[in-house]
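Single-structure report; data block below.
Read-outs throughout are calculated quantities, based only on the coordinates presented, and are distinct from any laboratory measurement. Bear in mind that the values here come from a model prediction, so they are computed numbers and not experimental data. FYI the Cβ positions are ideal-geometry reconstructions off the backbone, even for glycines, and counts take in every protein chain you see.
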Amino acid sequence: MYRPKSLSCYFVLILLIFISCSNSVQETGTLLIYGGPIYTVDSTQAKVEAVVIKDSIILYAGRLEEAEKYKNKQTQIIDLKGKTMTPGLIEGHGHFMGMGISALELDLTNTNSYDEIVAAVAEKVKTIKPGEWIIGSGWHQSKWTEKPEIMVKGFQTHDLLSAVSPNNPVILSHVSGHAAFANAAAMDIAGIKVLTKEGIDESAVEGGEIIRDALGRPTGIFNETATDLIWKHVPTDMITPEKITEAFNLAIAACHKNGIVGFHDAGIGKENIEFYEAMKSAGKMTVRMYAMITGRDMDLVNEWLKKGPYIDPENLLTIRSIKLNCDGALGSRGAWLLEEYTDQHGHFGHETLPMEVVKETALKGLKNGFQVCSHAIGDRANREILDRYESAFKDLPEASKDHRFRIEHAQHLHPDDIPRFAELGVIPAMQAVHMSSDRPWAIDRLGEKRIKEGAYMWQALLKSGVPIVNGTDVPVEPLNPIASLYASISRKTLKGTPEGGYEPEQKMTREQALRSYTIDAAYGAFEENIKGSITAGKLADFTIYNQDIMTIPEDEFLKTEIAMTIFNGDIVYTKEE
């Protein structure tokens, strides 16, 4: 009797073990990716063999043998076939709708002379009715291979432009967005006149400049806040709801094509916010949007300060930051400098926003849980903003423990201010590709000493202990992250010059550059716990390249192409073979 009883207990034990194992079957994934280098940007394992996703979340990252245990018959398989994968790239500073809208306007990005601009406008005149506005963008006088005979303060005059467009008002934005070029018809509508003998300029504006010749005649160039004198007369119905939707769709497609899955939209208004909310509700927001409320509308800022940040539980549209525009651009000589421009005696740029507004907004932001992101390119603008931030942090120390305030661009710094970023916990959001585009002529604006000691100081900032958020400032530069990553690691122009790069000691390593487009960009938006690295539990956003960006020779880097983009666990772009 004893033996059979023991045997029955044995079988009961086996049954319990079987039931227990059946109840703890390993979770299965919806997608398994393997077959090429996978760089995680995770400090615990920098590189893995395979990644498993369940719906929109990373389930596992590690060895292929282990990853295959998460597979069943329904699991989709992606074999990279030698291609390289990283976390999905994040555009750390751009203008999303500006990117889409600029694609619908006259594109002057590739013009190399004033004559080419005139020719482009002349062609546009043929396709529209008299009285219709012509809007374009993308010109940059310092990049022209041929300069016009007549220039005032380094800019062209409107005469040739006006001659080909006498019956159509024209406004053409500088590539920086900080200056505009208007023809005579547009200036007539705006009431811009020759200066009186008394020298009183009735259209003068604070924080900007109407550039005039020696006789007081407007040249057609409007700098910084003065651009509003023309823009306010452009009919608002030129951009219809249909065009806005088309621009949005073009911008989404451009992001996917460039491997961009997250976007820090640097300054949007009420209409943009409402439009984004509608796109999200319609299921069309397939980029993770981190939107900054524009400081150009303080009523809107105060409205949001009262109701507080919106942290989207779906991680598609988050609003918790304020963008302030505090100076201009270097190309238009609007950047606010401590010392005069090397190529314009007595000119220091423009303070486009009173610094007391920065301090006031910083305090309000800290009290109400909003990050403040201030545009500053010149060394004086950077110093003044750091001063105002520091003062606000001292006034509200408890609210400042994890503020993550940013300075957008931080291009030109006084050496004394470089360590202050880390000391104050202020994040520089710097667009490396600006160095490639601007450095050849920036030395004319700043001189060699200022360039070498304080321009594009990436490695100095990183070594001080502060992360850098990278990007392109699109549409100022093309969205292409490969170009900005190349600039980060080479400090060369996109033509590969000069040998060794400009100020090579300030190059980023490849690891630093990748971080600046992934985990550090996520940190700059308080989102490092949900994205920015290939880590179990984070969102399934990935960028896949046709070659290994971490090992290919530098001179092969710009040949890199985005092969695939995965957003929220879904393939949203595949390059046709």
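Can you sort Tyr456, Tyr523 from fewest to most other Cβ atoms within 10 Å of each residue's own Cβ?
Fewest-to-most Cβ neighbours within 10 Å comes out as Tyr523, Tyr456.
Relative to the present Cα-Cα distance, how much length would full extension add between Lys367 and Lys449 at 0.36 nm per residue of separation?
25.5 nm
Using the C-alpha atoms of segment 282-389, what convex hull volume per residue, in cubic angstrom, is computed?
With only Cα atoms used, segment 282-389 gives 121 Å³ per residue.
Going toward the positive end of the dipole of the chain, with +1 on Lys and Arg Cβ and -1 on Asp and Glu Cβ, which of Gly454, Ile211, Gly88 do you reach last?
Gly88
For the Cα atoms of the chain, what angle does the longest principal axis make with the long axis of helix 2-23, in degrees from 0 to 90, nearest 10?
10
Just subtract the alpha-carbon distance of Ala278 and Lys193 from 0.36 nm times their residue separation and send over the number in nm, one decimal.
That works out to 26.3 nm of additional length.
So, in Å, what gap is there between the alpha-carbon centers of segment 229-299 and segment 84-151?
With segment 229-299 and segment 84-151 each reduced to a Cα centre, they are spaced 19 Å.
Work out how much length Asp297 to Glu499 would gain on full extension: take 0.36 nm times their residue separation and subtract the Cα-Cα distance, in nm to one decimal.
Working it through step by step, the gained length comes to 68.2 nm.
With +1 on each Lys and Arg Cβ and -1 on each Asp and Glu Cβ, and nothing else charged, work out how big the dipole of segment 96-238 is about its Cα centre, in Debye to the nearest 20.
Dipole magnitude for segment 96-238 comes out near 140 debye.
Which angle between 0 and 90 degrees, to the nearest 10, do you get for helix 355-368 versus the longest principal axis of the chain when only C-alpha atoms count?
Relative to the chain, helix 355-368 is tipped by roughly 20 degrees.
Farthest toward the dipole's positive end in segment 96-238, which of Ser137, Tyr114, Thr225, given Cβ charges of +1 (Lys, Arg) and -1 (Asp, Glu) about the Cα centre?
Farthest towards the positive pole: Tyr114.
If the only charges are +1 at each Lys and Arg Cβ and -1 at each Asp and Glu Cβ, what is the size of the charge dipole of the chain around the Cα centre, to the nearest 20 debye?
1760
Hey, what did segment 326-517 get for relative contact order, percent, Cα under 8 Å, at least 6 apart?
18
For segment 96-238, what class follows from the C-alpha gyration tensor (a ≥ b ≥ c being the square roots of its eigenvalues): rounded when a/c is under 1.5, otherwise prolate if a/b is larger than b/c, else oblate?
Rounded is the answer for segment 96-238, as its axis ratio a/c remains below 1.5.
Using alpha-carbon positions, what is the distance between the centroids of segment 514-551 and segment 391-422, in Å?
25
Compute the helix-to-body angle for 298-307: its Cα long axis versus the longest principal axis of the chain, expressed 0 to 90° and rounded to tens.
20
Could you grab the relative contact order for segment 96-238? Cα pairs under 8 Å, six or more apart, rounded to a whole percent.
20
Taking neighbour counts of Cβ atoms within 10 Å as a proxy for exposure, in what order, fewest first, do Asp438, Asp265 appear?
By the 10 Å Cβ count, ascending, the order reads Asp438, Asp265.
For the cross-link pairs Lys147/Lys323; Lys243/Lys280; Lys257/Lys531, which exceed 25 Å when the distance is taken from alpha carbon to alpha carbon?
Where the Cα-Cα span goes over 25 Å, the pairs concerned are Lys147/Lys323.
Please report the antiparallel percentage of DSSP beta bridges with both residues in segment 254-322, rounded to the nearest 5.
10
Each label point is 7 Å from the Cα along the Cα-to-Cβ direction; what then is the distance between the points at Lys306 and Asn112, in nm?
Roughly 5.6 nm, to one decimal.
With r defined as the distance between the Cβ atoms of Lys129 and Thr44 and R0 fixed at 56 Å, what FRET efficiency is calculated, to the nearest 0.05?
0.30
Going highest first, how would you order 371-381, 567-577, 106-116, 385-395 by mean Cβ packing within 10 Å?
Ranking, from highest mean packing down: 371-381, 385-395, 106-116, 567-577.
At what distance in nm do the modelled label points of Leu104 and Ala163 sit from each other, each positioned 7 Å from its Cα along Cα→Cβ?
For the pair Leu104/Ala163, the computed spacing is 3.4 nm.
Peptides 495-503, 157-165: what's the order by average Cβ count within 10 Å, highest mean first?
157-165, 495-503
Show the residues, 5+ positions off or on another chain, whose built amide H is closer than 5 Å to the amide H of Ala329.
Result for Ala329 returns Gly334, Ala335.
Could you sort the peptides 325-332, 254-261 by per-residue average Cβ neighbour count (10 Å cutoff), highest mean leading?
The most tightly packed comes first, giving 325-332, 254-261.
Could you estimate the translational diffusion coefficient of segment 326-517 from the Stokes-Einstein equation, with Rh from the Kirkwood formula over C-alpha pairs, at 37 °C and 0.692 mPa s, in whole µm²/s?
Answer, rounded: 196 µm²/s.
Give the lysines reachable from Lys193 as a straight Cα distance under 22 Å; neighbours fewer than 8 places away on the same chain don't count.
Here the lysines satisfying the reach criterion relative to Lys193 are Lys153, Lys232.
Starting from the Cα of Gln26, step 7 Å along the direction of its Cβ; do the same at Asp213; then give the gap between the two resulting points in nm.
Going from the Gln26 label point to the Asp213 one covers 7.8 nm.
Using Cα pairs under 8 angstrom and six or more residues apart, how large is the relative contact order of the chain, in percent?
16
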